[in-house]
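After the structure tokens below, expect a handful of questions from me.
The values are calculated or read from the model by the stated rules, or taken from the named source; none is laboratory data. Computed from a prediction, not measured in an experiment: that's the story for all the values here. Here the Cβ is made from the backbone with ideal geometry for all residues, glycine too, and neighbour counts use every protein chain on show.
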Amino acid sequence: MYQQSEILFERAQRSIPGGVNSPVRAFKSVGGTPLFINKAKGAYLFDADGNKYIDYIASWGPMILGHAHEEVVKAIQDKAIYSTSYGAPTQLEIEMAELIISMAPNVDLIRMVSSGTEACMSALRLARGYTGKNKFIKFEGCYHGHADSFLVKAGSGVATLNIQTVPGITAGVANDTLTCAYNNLEAVEKLVAENKNEIAAIIVEPVCGNMGCILPQPGFLEGIRKICDKENIVFIFDEVMTGFRLSQGGAQQKLNINADLVTYGKVIGGGMPVGAFGGKKEIMQHIAPLGNVYQAGTLSGNPIAMIAGYTTLKILKDNANIYNELEEKTIYLRDGLNKVLLASKIPFVINQFGSMLSIHFSDHAINNFDDAASANNGVFKKYFHAMLSKGIYLPPSAFESWFLNNALTKKDLDYTIEATEESLQEMAE
Ligand SMILES: *Cc1c(COP(=O)(O)O)cnc(C)c1O
């Protein structure tokens with residue numbers, strides 16, 4: 001069934017470390033061979049063996065409209081004939097910035113980069129440059145890309161591969177990274193008190209997607225907002241996952257909390273390598289060439305990347321109903337999964353917010369990294385492979401969220417629920 005993928009994986013490992021260009025793709029925690037994908041259309045992926053899958057990864061979020069959306073593809077094609085990069089400013093970059101500012105709250109100025117990693121790394125540097133302070137707080141299990149400062153108690157692939165300390169990160173860097181448990185406001189208060197006048201920023205995934213989907217408990221983000229105001233700390237919302245996914249204005253709008261700086265990635269590029277960071281003018285004006293906090297990129301604002309992102313965001317802005325449709329679909333799926341999981345008697349927790357969802361095989365609520373890490377990975381593995389064999393492509397790690405795309409039909413969702421029911425029966429045998 002996976003013969004071509006097996007051949008390709010074998011070959012890939014001879015020239016690419018671990019056969020993949022990003023670790024989670026390697027299927028390490030679930031075992032088996034990663035699928036090599038040939039093409040995708042709408043909600044479906046097709047692998048090298050010609051198998052068809054319903055896709056719940058959506059390229060880890062970006063393909064919110066479904067794969068190969070006609071308008072987006074056409075826009076890229078039309079742009080490509082005029083060269084793929086100039087290294088000089090274009091009108092399209094202004095249109096992109098204006099569009100983002102019209103959709104996202106608290107963004108006066110926005111700088112485009114090429115990945116979520118760059119966006120978070122640059123936002124942190126800016127917060128440090130702006131406040132003149134060095135330390136920052138991040139939460140265990142949150143992932144903010146692979147810049148050195150963030151690879152301390154990180155989620156996503158770092159958690160999947162169970163890497164406790166990342167070699168190559170110096171103690172000096174790690175010492176400025178303070179961590180505490182997600183949803184634990186008292187721990188934040190304590191850290192801030194212990195490091196009085198030393199903390200530049202608190203960065204958070206407003207809704208977590210890198211330890212499975214985890215929701216902020218009422219009062220958690222609101223409490224951090226108050227601490228940041230009081231202590232002159234820059235509050236950074238890492239909206240690389242949630243931006244333009246949870247609503248037009250991302251988590252800021254959906255949760256009604258204001259961030260000082262916001263980082264974007266994933267959906268903002270419509271499937272091309274794009275990231276961005278933005279915020280209030282008072283802070284953003286410290287970025288070079290306006291200010292001295294240096295940040296740059298040869299391919300930043302690349303025309304092909306910009307047109308893919310612009311076209312995607314414009315569709316989302318002009319069809320605000322997409323967010324309602326996506327949420328309805330996700331709730332429909334959640335309720336259906338809930339029903340068949342309950343019947344199976346296997347302990348589970350489904351966390352869902354907007355179009356993000358995950359199943360943790362656990363008998364306790366999942367509100368932070370320790371909760372997620374103590375769920376039953378053996379059951380997850382079996383479920384993952386049973387679903388894959390039925391043509392459902394789920395994230396190959398319990399530390400990743402499912403992302404729904406709007407090309408999914410009710411029939412796809414019903415099939416996914418039925419496949420779950422069958423998978424659970426097989427697992428019981
Ligand atoms: C994916 C992700 C990143 C990193 O983005 P890349 O484009 O992979 O560098 C950062 N923060 C969050 C919340 C993410 O989900």
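Which of the residues spanning the stretch 64-109 are β-branched (Val, Ile, Thr) and in contact (Cβ under 8 Å) with a residue 60 or more places away in the chain?
From the stretch 64-109, those β-branched (Val, Ile, Thr) are 64, 72-73, 76, 81, 84, 90, 94, 100-101, 107; that's our starting set.
Within the stretch 64-109, 64, 72, 76, 84, 90, 100, 101, 107 qualify.
Could we say that residue 389 is modelled with pLDDT under 95 and closer than 30 Å to residue 68 by Cα here? Explain how you work it out, then say what you get.
Numbers: modelled with pLDDT under 95: no; closer than 30 Å to residue 68 by Cα: yes.
When the stated conditions are applied, residue 389 does not pass them.
Let me ask something additional. Might you check whether a residue that is in contact with a Leu (Cβ under 6 Å, 6 or more places away or on another chain) and touching a residue at least 60 places away in the same chain (Cβ under 8 Å) occurs anywhere in the stretch 148-155?
Among the residues of the stretch 148-155, not one is in contact with a Leu (Cβ under 6 Å, 6 or more places away or on another chain) and touching a residue at least 60 places away in the same chain (Cβ under 8 Å), which makes the answer no.
Among the residues of the stretch 27-86, which ones are of a type in the set (Ser, Thr, Tyr) and either at positive phi or in a loop (DSSP other than H, G, I, E, B) (or both)? Please lay out each step first, then the result.
Residues of the stretch 27-86 that are of a type in the set (Ser, Thr, Tyr), as a first pass: 29, 33, 44, 53, 56, 59, 82-86.
Within the stretch 27-86, 29, 33, 56, 59, 82, 83, 84, 85, 86 meet the criteria.
Here's a check for you: in the stretch 379-429, which residue that is among the polar types (S, T, N, Q) and in a helix (DSSP H, G or I) is nearest to residue 349 (Cα to Cα)? Show your work before the answer.
Step one: filter the stretch 379-429 for residues among the polar types (S, T, N, Q), giving 389, 397, 401, 405-406, 409, 416, 420, 423, 425.
Narrowing the set further to residues that are in a helix (DSSP H, G or I) leaves 389, 416, 420, 423, 425.
Working: 389: 23, 416: 17, 420: 15, 423: 17, 425: 18 Å.
Of everything passing the filter in the stretch 379-429, 420 is nearest to residue 349 (Cα to Cα).
Which residues, counting only those in the stretch 163-182, are more than 16 Å from the ligand (Cβ to nearest atom), in contact (Cβ under 8 Å) with a residue 40 or more places away in the chain and under 18 Å from residue 370 (Cβ atoms)?
Result: 178, 180, 181.
Evaluate the stretch 403-426: report whether one residue or more is surrounded by 20 or more Cβ atoms within 10 Å (Cβ to Cβ), among the aromatic types (Phe, Trp, Tyr) and either outside the structural domain of residue 361 (by TED's automatic domain parsing) or within 26 Å of the chain's Cα centre (by Cα) (or both).
Checked the stretch 403-426: at least one residue is surrounded by 20 or more Cβ atoms within 10 Å (Cβ to Cβ), among the aromatic types (Phe, Trp, Tyr) and either outside the structural domain of residue 361 (by TED's automatic domain parsing) or within 26 Å of the chain's Cα centre (by Cα) (or both).
Right, next: For residues that are among the hydroxyl-bearing types (Ser, Thr, Tyr) and in the same structural domain as residue 302 (by TED's automatic domain parsing), scanning just the stretch 56-109, find the one that is farthest from the ligand (Cβ to nearest atom). Walk me through it before giving the result.
Here is the first cut: in the stretch 56-109, the ones among the hydroxyl-bearing types (Ser, Thr, Tyr) are 56, 59, 82-86, 90, 102.
From the residues that got through so far, the ones that are in the same structural domain as residue 302 (by TED's automatic domain parsing) too are 82-86, 90, 102.
Details: 82: 26, 83: 24, 84: 20, 85: 19, 86: 23, 90: 22, 102: 23 Å.
Looking at the filtered set, the residue picked out is 82.
Another one. Can you name the residue in the stretch 110-139 that is within 14 Å of the ligand (Cβ to nearest atom) and of a type in the set (D, E, K, R) and, of all such residues, is surrounded by the most Cβ atoms within 10 Å (Cβ to Cβ)?
Within the stretch 110-139, the subset within 14 Å of the ligand (Cβ to nearest atom) is 112-124, 138-139.
Now restrict to residues that are of a type in the set (D, E, K, R): 118, 138.
Numbers: 118: 24, 138: 27.
For the stretch 110-139, the residue satisfying everything is 138.
Rundown of residues vs (1) at pLDDT below 95; (2) outside the structural domain of residue 372 (by TED's automatic domain parsing); (3) within 20 Å of the chain's Cα centre (by Cα), yes/no style:
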{"position": "164", "(1), (2), (3)": "yes, yes, no"}
{"position": "168", "(1), (2), (3)": "yes, yes, no"}
{"position": "179", "(1), (2), (3)": "no, yes, yes"}
{"position": "189", "(1), (2), (3)": "no, yes, no"}
{"position": "202", "(1), (2), (3)": "no, yes, yes"}
{"position": "206", "(1), (2), (3)": "no, yes, yes"}
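Considering 384, 348, which residue is over 21 Å from residue 98 (Cβ atoms), assigned by TED's automatic domain parsing to the domain that holds residue 35 and in contact with a strand residue (DSSP E or B) (Cβ under 7 Å, 6 or more places away or on another chain)?
On the way: 384 fails: in contact with a strand residue (DSSP E or B) (Cβ under 7 Å, 6 or more places away or on another chain).
None of the others qualify; the one that does is 348.
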